Amino acid sequence: MADHNNNDSLFSRRDLVAGAGMLAMLGIQDAIAGGHTGDRPVLSEEEQLALEKANAELVSNFVADYSTRDADVLNKYVTDDIIYQITPGMKDIVGAEAFHKHNANMFEGLDKVEWVNLRQFAVGQIVINDRIDDFFPYPGSKTPRMRFRVAGYFLIEDNKIKVWKDFPYPGSKQLIEPAPKA
């Protein structure tokens, strides 16, 4: 049992060793190894760097192609089961069909889209960027004029975006205003 006279720890070393031994005895080696056992490919440092470079390039191209305002072009970048969240608290858009529909509807009211990647980095299959997203509606459009500074999170799987979530950049001023009058 834990030594409850010592306020620094809930468990004694003996409890921890015994617990680890029980896990090993039960054959739960994944728990001991942090879930990193089994038939996972091991990449060399050069292969890992190449993967990260390719993932960063994929997201950079996706960001650049957003300016095309073409939902078909964007769908080529995503998995069939994409999960997209515009901002925390918003309902996830799940699946390539829903993703396409969301973008196609939004693009109908936009004259121009300009996104700028301020900085970006990749670690394994995760790409994170700091962007400014500008949306310019047609005069008289129901789509508002918008500008957001966001931190984008992208999970890449098999050279496609599987998860994309944007988070408002702390302290930045976001812009949402009516479209110019026709």
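Every read-out reported here was derived from the displayed coordinates using simple, explicitly stated rules and does not represent laboratory data. It should be emphasised that the depicted structure is a prediction, and the values quoted were computed from it without experimental measurement. Note: ideal-geometry Cβ built from the backbone for every residue, glycine included; neighbour counts use all protein chains shown.
Starting from the Cα coordinates of region 45-177, work out the convex hull volume and express it per residue in Å³.
Each residue corresponds to 102 Å³ of Cα convex hull volume.
If you stretched the chain out fully between residue 53 and residue 159, how much longer would it get, using 0.36 nm times the residue separation minus the C-alpha to C-alpha distance? Don't skip to the answer; put the middle values down first.
Working: separation 106, 0.36 × 106 = 38.16 nm, distance 1.13 nm.
Taking residue 53 through residue 159 to full extension adds about 37.0 nm, to one decimal.
By how many nm would the segment from residue 123 to residue 72 grow when fully extended, if each residue of separation counts as 0.36 nm and the alpha-carbon distance is taken off?
Numbers: separation 51, 0.36 × 51 = 18.36 nm, distance 2.79 nm.
Between residue 123 and residue 72, full extension yields 15.6 nm more.
So how far apart, in nm, are the two label points at residue 130 and residue 108 if each is 7 Å from Cα heading toward Cβ?
3.7
Taking R0 as 30 Å, what FRET efficiency do you get between residue 172 and residue 45 from their Cβ-Cβ distance, rounded to the nearest 0.05?
It comes out at approximately 0.25.
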